[in-house]
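Novice: Let me begin by handing over the structure; questions about it come next.
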Amino acid sequence: MTTTNDNAGTDRKIVTFSLAQQTFGIDMRALIEIREWDEPTPLPNVPGFIKGVTNLRGNVVPVVGLAERLGWEPSAIHARSCILVVHIAGKQAGFLVDEVNDIVAIGEAEIQPAPEVETIEPSVIAGLVRIATRQKDGTRDEKGTMVLLLDLDALSLTKHLDIAA
């Protein structure tokens, strides 16, 4: 499935991905690389959502189970599982996701604020945007898909990344 957004006045691109049957997006500028899933080297005495570390061209990069970090059940590893390596708080981290979907251009005006609800910690959702989807047969679904835009800085991984790296 390919996603498109025909809105003129595009301000940025996002990488969309699936996690626990939800569609998320991150700013493309934060993305370093998309890697095939490879079992990371586990570390002792780190939070359960840190899967371990992997080597990225000589750099040790912590791998975070994004589902667990969000308080969900761990992702089941399958053929399309992959790691999004991103810049976060001046460091590199890898996020285990179920599947990368597409790169989509969006306009800043299209982004809706995340609803204000009581949570245990600050929201990691920076906003929501609806993107039209184009099916494999070429037809267009105008209803589209709601994408939850992640605020990478709000994931509060800095101290955990220092421990893992």
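Novice: Contact list please: Cβ distance under 9 Å, first residue in the stretch 68-92 and without any contact (Cβ under 8 Å) to a residue 40 or more places away in the chain, second residue among the acidic types (Asp, Glu), pairs at least six apart or on different chains.
Specialist: Going by the 9 Å Cβ cut-off, the qualifying pairs are Pro74/Glu68; Ala76/Asp98; His78/Asp98; His78/Glu99; Arg80/Asp98; Arg80/Glu99.
Novice: Residue under question is Val104, and the condition is that it be at pLDDT 85 or above, surrounded by 12 or more Cβ atoms within 10 Å (Cβ to Cβ) and under 12 Å from the mean Cα position of the chain (by Cα); does it hold?
Specialist: no
Novice: Select from the stretch 58-92 the residues that are touching a strand residue (DSSP E or B) at 6+ places or on another chain (Cβ under 9 Å), over 14 Å from Leu19 (Cβ atoms) and either open to solvent by 80 Å² or more (accessible area, probe 1.4 Å) or part of a loop (DSSP other than H, G, I, E, B) (or both) and list them in ascending order.
Specialist: The answer is Val60, His87.
Novice: What's the number of the condition Ala76 fails, among (1) of a type in the set (Gly, Ala, Ser); (2) more than 20 Å from Leu155 (Cα to Cα); (3) touching an Asp or Glu at 6+ places or on another chain (Cβ under 6 Å)?
Specialist: Going through (1) of a type in the set (Gly, Ala, Ser); (2) more than 20 Å from Leu155 (Cα to Cα); (3) touching an Asp or Glu at 6+ places or on another chain (Cβ under 6 Å) one by one, Ala76 breaks only (3).
The values are calculated or read from the model by the stated rules, or taken from the named source; none is laboratory data. Source: prediction; values computed, not measured. All Cβ positions, glycine included, derive from the backbone under ideal geometry; neighbour counts span all protein chains shown. Note: areas computed on protein heavy atoms with side chains; ligands, DNA, RNA excluded. Shrake-Rupley method; radii C 1.70, N 1.55, O 1.52, S 1.80 Å.
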